[in-house]
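Working notes for the structure below.
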Amino acid sequence: MKTKSLMLILWLLCGISALAQSRKQSYDLELTSPTPAPANGETIVRGTVQVPDAKWLRLQIGEFNLGKASYLILTSLQDKGQQRLNGQTLMEWRQSSAYFNGQTVEIELHIAAGETGVFVRIRELLVGEERKSNQQFTLCGGDNRVASTDARVGRINIANTAGAVSNPSCTAWLVSNGALLTAGHCVDADPDQGGPLLPDGTIDASFSSGVVEFNVPATQANGNTVFANPDDQYPIDAATIRWRFDGNGRGLGKDWGIFGCRANPNTGLLPHEAQGDFFRMTNDTPAVGATVRVTGFGTDTGAENQTLQTANGRYNGESSNNADVWLRYAVDTTGGNSGSPVIWEANGLTIGIHTNGGCTSGGGENIGTSFEHDALETALQNFPGANAVYVDNGHPTATRNGTIFRPHSNVTAGVNVAAAGGTVNIVAGTYGDWITISKPITLRAPAGAVIIGR
């Protein structure tokens, strides 16, 4: 068991901690196609972005024209992490690059034969600075967290309009409807917390797009975090974000966020496809005294800082205030654990989203939003669209009604109850049905490959 000195933090939102301090910095670099353009073959124009004191870099692309077939290749000279972007994927990344470790990024502009007027202009950078300790421990006594390799859990990084990575290392995780879950305060509309949405629900055009990363590498010995390879970084699709959060001390039981990601531009894969796994959910709850687990990217000292760790402990029950419902548990968390899955140890199902810290060196309990919260339940059910029916023969529920928490076990049952024009979401697996469909419906595989047939 690890030991460390503890701070007294009551009802602390567990995601507002510094991944590393950062700044927005002007930069002036333009790469453009030569004149006249070569008649045959691809032309490559190279440039370098370098900031001597940077721990990491993220490039902000200004004006650009990548034609139909031209593209960029960006490479970190520190670890050779590489990202390829064309005109479409650059827009999906909201004209930002992946996060690159180190102080130097090499840029290659690949100009396709016959394309003219191709260029990119880099006008700004996000620059990672030396980490300053901002520990937020909400440990229920000592620290019982251990390293985890759970492929379903990622680290979410969001930069606000001023360039500060102010809600980093919140935790996000893959679920069976193709979405990712996190805490609402990780993706809310408060510009001081880096949210992408304006109060009217539209996307803030100046928002630097959020990124979820998986397979996060070890942190440096001094606590400076290291980003995942660009192959494992995914831009959040801001148009898909749905969230609830009340930051005025009334947020218990209604702090949640759900969103989707775009495919990785290098691999062409969505995170569910690349990671090959996901969590199933239930709105049932354990008996008081049962064991629950929280897995996420909490802050720590040294090389364990904001790497994936997990801990389990006692489930203390559920509380509510009208429609707001929250879970209580004595499981160790720290700042950065916000958004982590709360897992029912006996069956592996998730029962909610970790949001608040209340544990101290003397004990106490931490808090998460329950899946019994009606608005969250509705958002999960309707994430792929209204009139959704779920089929999942891997879900252990004994009572099945076609919802995401109680899915049907076979495709036939899902098709039979689906409304005309609705969607049957079939969770990854093999189904032995032999079916005839006589109404207009959509079959969707939101979380991995599905095989249907005998």
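The values are calculated or read from the model by the stated rules, or taken from the named source; none is laboratory data. Because the structure is a prediction, the values reported are computed rather than measured. Here Cβ is always computed from backbone atoms with ideal geometry, including for glycine, and neighbour counts include all displayed protein chains.
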> Can you tell which of 108, 130, 124 is surrounded by fewer than 20 Cβ atoms within 10 Å (Cβ to Cβ), touching a residue at least 40 places away in the same chain (Cβ under 8 Å), within 21 Å of residue 53 (Cβ to Cβ) and touching a strand residue (DSSP E or B) at 6+ places or on another chain (Cβ under 6 Å)?
Replying inline: 124
> Among the numbered criteria (1) of a type in the set (D, E, K, R); (2) more than 20 Å from residue 387 (Cα to Cα); (3) touching a helix residue (DSSP H, G or I) at 6+ places or on another chain (Cβ under 9 Å), which single criterion is violated by residue 439?
Replying inline: (2)
> Could you say whether any residue in region 422-441 is in contact with an Asp or Glu (Cβ under 6 Å, 6 or more places away or on another chain) and in contact (Cβ under 8 Å) with a residue 24 or more places away in the chain?
Replying inline: yes
> Which condition number in (1) over 20 Å from residue 214 (Cα atoms); (2) at pLDDT 95 or above is the one that residue 375 fails?
Replying inline: (2)
>> Out of the strands (runs of 3 or more DSSP E) lying entirely within region 204-293, which hold 1 or more residues that are under 28 Å from residue 357 (Cβ atoms), out of contact with any Leu (no Cβ under 8 Å at 6 or more places or on another chain) and at pLDDT 95 or above?
In response: 208-213, 233-244
> Say we look at region 319-339 and pick out the residues that are in contact with a Lys or Arg (Cβ under 8 Å, 6 or more places away or on another chain) and charged (D, E, K, R); which of these is surrounded by the most Cβ atoms within 10 Å (Cβ to Cβ)?
Replying inline: 332
> Would you call residue 118 under 26 Å from the mean Cα position of the chain (by Cα) and either closer than 28 Å to residue 262 by Cα or of a type in the set (Asp, Glu) (or both)?
Replying inline: no
>> Anything in region 413-444 that is buried (at least 17 other Cβ atoms within 10 Å of the Cβ) and either more than 21 Å from residue 175 (Cβ to Cβ) or among the aliphatic types (A, V, I, L, M) (or both)? List them, or say none.
In response: 413, 415, 418, 424, 426, 427, 428, 441, 443
> From the list 266, 224, which one is touching a strand residue (DSSP E or B) at 6+ places or on another chain (Cβ under 6 Å), surrounded by fewer than 20 Cβ atoms within 10 Å (Cβ to Cβ), in contact (Cβ under 8 Å) with a residue 24 or more places away in the chain and more than 27 Å from residue 344 (Cβ to Cβ)?
Replying inline: 266
>> Taking the condition of being among the charged types (D, E, K, R) and outside any helix (DSSP H, G or I), how many residues in region 373-422 meet it?
In response: 3
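Grab the strands (runs of 3 or more DSSP E) fully contained in region 68-150, keeping just those with 1 or more residues being under 16 Å from residue 232 (Cα atoms) and not basic (Lys, Arg).
Details: elements: 71-76, 82-85, 104-111, 119-128.
Hits in region 68-150: 71-76, 82-85.
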> When only residues in region 363-380 that are of a type in the set (Gly, Ala, Ser) and in contact with a Leu (Cβ under 9 Å, 6 or more places away or on another chain) count, which is surrounded by the most Cβ atoms within 10 Å (Cβ to Cβ)?
Replying inline: 368
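Look at residue 113 and say whether it is surrounded by fewer than 18 Cβ atoms within 10 Å (Cβ to Cβ) and at pLDDT 95 or above.
Numbers: surrounded by fewer than 18 Cβ atoms within 10 Å (Cβ to Cβ): yes; at pLDDT 95 or above: no.
Against the criterion (surrounded by fewer than 18 Cβ atoms within 10 Å (Cβ to Cβ) and at pLDDT 95 or above), residue 113 does not qualify.
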